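J.: Sharing a structure, written as structure tokens. Questions coming.
The values are calculated or read from the model by the stated rules, or taken from the named source; none is laboratory data. Note that the structure is a prediction, hence the values are computed from the model and not measured. Backbone-built Cβ (ideal geometry, glycine too); neighbour counts: all protein chains shown. Each accessible area value is taken on the protein alone, full model and side chains, heavy atoms only, with ligands, DNA and RNA left out. Shrake-Rupley method; radii C 1.70, N 1.55, O 1.52, S 1.80 Å.
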Amino acid sequence: MASGGTEELERPTLLKSPVWEHFGFPVKYDDEGKRLVDKTVTACRHCGTRKPYDTGNTSSMATHLKRHHPGVSLTGVKLKTKATQQPLIIAAFTQPLVAQSDRAKAITKAIGVFIGADMRPYSVVQNEGFKHMLKVLEPRYNIPSRTHFSEKIVPDLYEQEKKKVVDELSRASSVALTTDGWTSRGAQSYVTITAHFITADWEMRSPVLQTRPLYESHTSTHLAQILTQAVEEWKMKRPSTNIPVTTDNAKNQINAVNEAGLGPHIGCFAHVVNLASQKGISINRMDRLLGRIRKVVSYFHRSTTAAHVLKTKQEMLKLPTHKLIHDVPTRWNSTYDMMERYLEQQAAIFSALTDKTLKKNVKDIITLSDDDVRVAEEVLQDSTIHDMAPSVEDSIITRDVKTAIREDLQHRYTSPPTLQDYLHRSTALDPRFKSLSHMDPALRQRTYSDLTTEIVSSLGTEDCDEGQAAEPTGANLDSSSPPQKKLAMAELFGETFATSSKDNKTPADIIKEEVASYLAASGITVDGDPLTWWKSNECRYPHIATMARCYLAVPGSSVPSERVFSTAGDIVTATRSTLSPDNVDTLVFLKKNLKL
């Protein structure tokens, strides 16, 4: 290394001129970390000055030393013999790591994992602080270029993790999907698909499969093509097994699932509840009430002076110093939170709005009247209702809200007609709700009968009669006929080696009894873990467990794919809005699936 800089120089070992004690060939590294020596130029070890080099000619180097470094002696320099050239131990710790060494490879891969797992930009490897940290941790390591990470290291990590996900999917007996679309800061549309399955050890796995750009219009045909390609790419197709897909309730999403030959389509329950709730809170009286609250909340949000006065009033009235909440149209529960917080802080809000500091600026702000407050309190109190049926105890506004919600919910999950039956069987396979106490007896019996028939059909066995329990062996014999005389072998060993009645039952009979036993077994509380229960009881109900592993893997909402949006928002930031779709897909995949 030169004393006048940090550039690495190589001394030619076969050249004997004493000038080589003070000059050397510059060393560089390419994108793959390969060491390159430039022998067309030499550099001074004292000041870094470069001189063109023609083979064997050292006069320009010698002249430079005499003119700029007169204290350097070029006479009497003895060349080191091989015996004296053996490096010291300390030199082994100062030599640069070879790019292909195990140590250098491990560090490079770890940086790639850091980029993928923590959503760091590729440019982080060029940051001075990052380079300084690595130099302290491992001075011998030379950081490869940004391009090396974006084109080699991170894509290799993606392929490794993708293979793991494909292997897991291949071992799953059935797979369900969720999908949704979103738009990045760069105005690029994407479609994200997540997979869901239950492992043999009864663990739920939900990997993010892909986040692909959608350049065409969001028609059902284009969305269906993306779904079909995803099923093929990730090898999820199973013979005689459907792939349920959960999306929001947009018509193009529903049609896309049908056009792709997948299904059943499950409408996102969270989306359904939000749509129905929005219908409830959009009735005239509620809409006017919420409009007044939003106006007050917006004022305190946009004015720092008003926010400071409100905090002062909260402390004076000994109220919690909570900020007011503004609701989001797509989140009905945020409207509930906004009203609840307003009522909590209404004394501080009124005191702040009448303060002389703010009074002249709030002429268009209307606080809630006593009647408005009473209505808000009624709505909050009745928002925990479990029954949407009208009641004589309901206030007028509560009855109107209930009616609007009921009317919106009535047509949900009714198309196709078989969808409700599918959802009923899903509920029956959950040990928390297997009693189906919310159903009438006839529907409950039909649900378990359908479940029994489906299990029998999946085994390729004979269909069983709906709703009929297996009759005991010998029940069809005429009770008036005389008993048959036992043979000698039966008399001697019949009791000892009696044939189990189970051996004489058909598979359909066995499954009927298994379903009846499952129904009679104790369930678990609603906050219990159904997968833990099935892990402990799979051996008792093996046929039902196989069906449960398929049904319980289906998400009730498209939240898993929607959660990717927030992750993607942290990746496709304002400063990275031009990130290519391939890099977006890779980074989102690694962030969601990479396990350290």
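J.: How far is it, in nm, from the label point at Ser282 to the one at Asp529 when both lie 7 Å from their Cα along the line to the Cβ?
T.: 4.1
J.: Between Ala521 and Lys595, 0.36 nm times their residue separation minus their Cα-Cα distance comes to what?
T.: Here the segment from Ala521 to Lys595 would lengthen by 22.9 nm.
J.: So, one more: I'd like the chymotrypsin sites (Phe, Trp or Tyr not before Pro) in the stretch 120-218 restricted to DSSP loop residues with at most 12 other Cβ atoms within 10 Å, sorted by number.
T.: Tyr215
J.: Related question: State the Kirkwood hydrodynamic radius of the stretch 265-360 in Å, one decimal place, computed from all pairs of distinct Cα atoms.
T.: 14.6
J.: Another question, if that's okay. Looking at the square roots a ≥ b ≥ c of the eigenvalues of the Cα gyration tensor of the stretch 241-281, which shape do they give, rounded for a/c under 1.5, prolate if a/b is larger than b/c, or oblate?
T.: Note, shape of the stretch 241-281 comes out prolate.
J.: Considering only DSSP beta bridges with both partners in the stretch 144-288, what is the antiparallel share in %, to the nearest 5?
T.: About 75 percent, rounded to the nearest 5.
J.: Go through Lys28/Lys595; Lys402/Lys591; Lys131/Lys595 and tell me which ones have a Cα-Cα distance over 32 Å in this structure.
T.: Where the Cα-Cα span goes over 32 Å, the pairs concerned are Lys28/Lys595; Lys402/Lys591.
J.: Based on the mean of other Cβ atoms within 10 Å per residue, sort peptides 11-20, 65-74, 310-319 so the most packed one is first.
T.: 310-319, 11-20, 65-74
J.: Moving on. Quote to one decimal, in nm, the extra length available between Ser334 and Arg11 on full extension: 0.36 nm per residue of separation minus the C-alpha distance between them.
T.: 109.2 nm
J.: Something else about it: Decide, for the stretch 118-234, between rounded, prolate and oblate: order the square roots of the alpha carbon gyration tensor eigenvalues as a ≥ b ≥ c, take rounded if a/c falls under 1.5, and otherwise choose prolate if a/b is larger than b/c, else oblate.
T.: Taking the square roots of the gyration eigenvalues as a ≥ b ≥ c, the stretch 118-234 is oblate.
J.: Given points 7 Å out from each Cα along the Cα-Cβ axis, report the Asn361 to Ser303 separation in nanometres with one decimal.
T.: 0.5
J.: Would you mind computing Rg(Cα) / (2.2 N^0.38 Å) for the stretch 312-377, counting N as its residues?
T.: It is 1.19.
J.: Taking a spot 7 Å from the Cα of Arg171 along the direction of its beta carbon, which residues of the stretch 182-213 have an amide N less than 16 Å from it?
T.: Hits in the stretch 182-213 for Arg171 at 16 Å: 196-207.
J.: Can I ask one more? Let a ≥ b ≥ c be the square roots of the eigenvalues of the Cα gyration tensor of the stretch 168-232; is it rounded (a/c under 1.5), or, if not, prolate (a/b larger than b/c) or oblate?
T.: prolate
J.: Want the number for Thr241 to Val27: 0.36 nm per residue separation, take away the alpha-carbon distance, what's left?
T.: 71.0 nm
J.: Assuming R0 = 22 Å, can you tell me the calculated FRET efficiency for the pair Thr418 and Asn255, based on Cβ-Cβ distance, to the nearest 0.05?
T.: Computed FRET efficiency for Thr418 and Asn255: 0.80.
J.: Same structure, new question: Could you state the accessible area per residue of the stretch 324-425 in Å², with a 1.4 Å probe and every protein chain left in place?
T.: 60
J.: Continuing with the same structure: From the C-alpha coordinates alone, can you work out the Kirkwood hydrodynamic radius of the stretch 189-342, in Å?
T.: That comes to 19.5 Å for the stretch 189-342.
J.: Would you rank Thr247, Thr63 by solvent-accessible area, highest first, keeping every protein chain in place and using a 1.4 Å probe?
T.: Thr63, Thr247
J.: Arrange the peptides 31-42, 441-452 so that the one whose residues have, on average, the most other Cβ atoms within 10 Å appears first.
T.: Top of the packing list down: 441-452, 31-42.
J.: Hull surface divided by four, with the convex hull built on the Cα atoms of the stretch 221-296: how many nm²?
T.: 7.2
J.: Sticking with this one: Obtain the nm distance between the two label points defined at Lys323 and Gln126 by a simple spin-label model: each point lies 7 Å from its Cα along the Cα-to-C-beta direction.
T.: So the two model labels end up 3.5 nm from each other.
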